[in-house]
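Engineer: Sharing a structure below in structure tokens format, with a few things to ask.
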Amino acid sequence: MKNMLRNTLVSIACLTAMTLVHGKEVPPGTLLNSGSIDGLLGDTLDGKTIKSLLTEKMEWLIRNKGLAMKLAHAKPIVVDPLWHETNKKNSGTASYDAKTRSVVGWKGGVPFTNIDLKDPAAGDKVTWNERYANLEGYAWHEPKMIALLVDLDKGVERIQHWSAKRTIMSGRIGQGAGSATIGDGTIFSKSLLYLTHPIDIKGIGLYMIRYMDPNKMDDKWVYINQFRRTKRVSGGGWMDPLGGGVDWLVEDLNVWDGLPHWYPSVKLIGKRSLLVVANAAQPPIDESKPANSSEQQPYHDIKNPPYFNTMNSFEPREVYEVEVIPSEEHPYGKRIVWIDAELYQPFYSEIYDKKGEFFKTILYERSPYVGKDGFKGYAPIQGAVIDFKRKHASVWGANWFGNEPDISDKTITLEALERYSGR
């Protein structure tokens, strides 16, 4: 009898210990914030502990900087079968040139379908997959991107409207894409980005050409409306501020838009699960609200400190963790990027200065979309760039239209930049 009682007590103790170690599964809608984090770290979401789904800095941001996350179960992301077919069709056609750290023989889709975590070039390969995955479509348009410039202590201080367009000229995917390559095959993409509001900075714009040749830097032209003229900028302009007072560098667009061989080191740290916003609600801009007001962004909590939190839910996604070391002249000392391991879309980045001190984070929220030609893609529609040294953030949302038939290499030109920006 004593032995039975002792064994029962031991069993209960073991079960209690296991419960304390593994915790309970949290229900959808649970809010992870500074008040709840201590009680939730040992609990699980989709069988993974909350602590394991956070980076060290995410946990620090929750405890110290007001970051809050509404939790949800992971939801499958369905993209167009054509994308999967293109990846399969072109599998093995691309190779990695270690000398130039670039892709050779790429014809479309994801260049490297099998990533070996032990491969010294794995970081470069994951990055090239991100650049060429092309789930955003071959011709996309953001007619209105609202950027709220936020003081982390006081709230929204200014509202800006931007417009962006891009056409992909090599590796095009979509029912309406026509040929996979248009032009002579030397250009990867052409892009336009320009301010439309407020009046005092309206007209600042950027026209960019990205080439297929790894040794050729991007061409960039800046239009300055105050002077009514266009100026060509150096190939290193990708590390310059975007302009207009926002918190992006040019390379911070889409979390990280640089090419791997522009940096001395791009290293794959590993593969893990991370909390990200992978199914953001749409539309991110509410046109029924007063024009030029912060109320037009319904999915950002801009009424409560720290004024950058999203109302969308975070869910676990498997991601690659990539460490990027820029050159000496770059304003950043190190960047860590987390890139989806299935779709190769970047969700999150933590940035450090030259002294190794953490000062900036970029969080993009993505969502499936259906293009004008029926293509099922995946795109960024909302996010935040937060500079903790400046105590400042740029919180944005954009209506996204993929595979627009009116956008092409003939409509995205330097003349178009001057026409749109000069209005």
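Engineer: Among Pro143, Phe347, Asn254, which residue has its Cα furthest toward the positive end of the charge dipole of segment 129-421, with +1 on Lys/Arg Cβ and -1 on Asp/Glu Cβ?
Structural biologist: Toward the positive end, the furthest listed residue is Pro143.
Engineer: Same structure again: Would you mind telling me which residue in Pro198, Pro290, Pro143 has the biggest mean-square fluctuation in a Gaussian network model of the chain, where springs connect alpha carbons within a distance under 10 angstrom?
Structural biologist: Maximum among the listed residues: Pro290.
Engineer: Also, I was wondering about something else. So which residue, out of Lys220, Lys144, Lys118, gets the largest mean-square fluctuation from a GNM of the chain using Cα contacts under 10 Å as springs?
Structural biologist: Result: Lys118 has the largest fluctuation of those listed.
Engineer: Cα gyration tensor of segment 189-345, axes a ≥ b ≥ c as square roots of the eigenvalues: rounded (a/c below 1.5), prolate (a/b > b/c) or oblate? Please report the intermediate quantities before stating the final value.
Structural biologist: Values: a/c = 2.05, a/b = 1.02, b/c = 2.02.
Oblate, since a/c reaches 1.5 and b/c is not below a/b.
Engineer: Indicate the helices, whole DSSP H runs only, in the chain that combine a mean Kyte-Doolittle hydropathy of 0.0 or more with a Cα extent along their long axis of 24 angstrom or more.
Structural biologist: Details: long enough: 2-22 (30 Å, 0.79).
Long hydrophobic helices here: 2-22.
Engineer: Quick one: length gained pulling Tyr211 to Asn64 fully straight, 0.36 nm per residue minus the C-alpha distance? Each step should come with its number before you reach the end.
Structural biologist: Details: separation 147, 0.36 × 147 = 52.92 nm, distance 4.25 nm.
Net length gain for the segment: 48.7 nm.
Engineer: Same structure again: Cα to Cα, under 19 Å, and not fewer than 8 places away if on the same chain: which aspartates and glutamates meet these conditions relative to Lys391?
Structural biologist: Lys391 reaches Glu59, Asp151, Asp153, Glu157, Asp247, Asp252, Asp301, Glu350, Asp353, Glu357.
Engineer: As a test of the formula, what do you get for the chain when each DSSP H run with n ≥ 4 contributes -39,500 (n - 2.57) and the sum is divided by the residue count, at 222 nm and rounded to the nearest 500 deg cm²/dmol?
Structural biologist: Details: 6 runs with 63 residues, N = 423.
Using -39500 (n - 2.57) per qualifying helix, the result is -4500 deg cm²/dmol.
Engineer: OK, next. Using 5 Å bins from zero, what percent of all Cα-Cα pairs in segment 129-421 falls into each bin?
Structural biologist: 1, 5, 12, 16, 19, 20, 15, 9, 3, 1, 0
Engineer: Let me ask you something else. How big is the dipole moment of the chain about its Cα centre under a simple scheme where the beta carbon of each Lys and Arg is +1, that of each Asp and Glu is -1, and everything else is neutral? Debye, nearest 20, please.
Structural biologist: 240 debye
Engineer: Considering the options Val277, Ile199, Thr411, tell which one lies farthest towards the positive end of the dipole of the chain, charges being +1 on Lys and Arg and -1 on Asp and Glu at the Cβ, about the Cα centre.
Structural biologist: Val277
Engineer: Now, a different point. Cross-link partners among lysines for Lys165, C-alpha distance below 20 Å, same-chain residues fewer than 8 apart left out?
Structural biologist: Lys144, Lys190, Lys202, Lys220, Lys231, Lys372, Lys376, Lys410
No lab work stands behind these numbers, since they all come straight from the coordinates. The shown structure was predicted, so the numbers you read here are calculated from the model rather than taken from an experiment. Methodologically, a virtual Cβ is constructed for each residue, glycine included, from the backbone with ideal geometry; neighbour enumeration extends over all protein chains shown.
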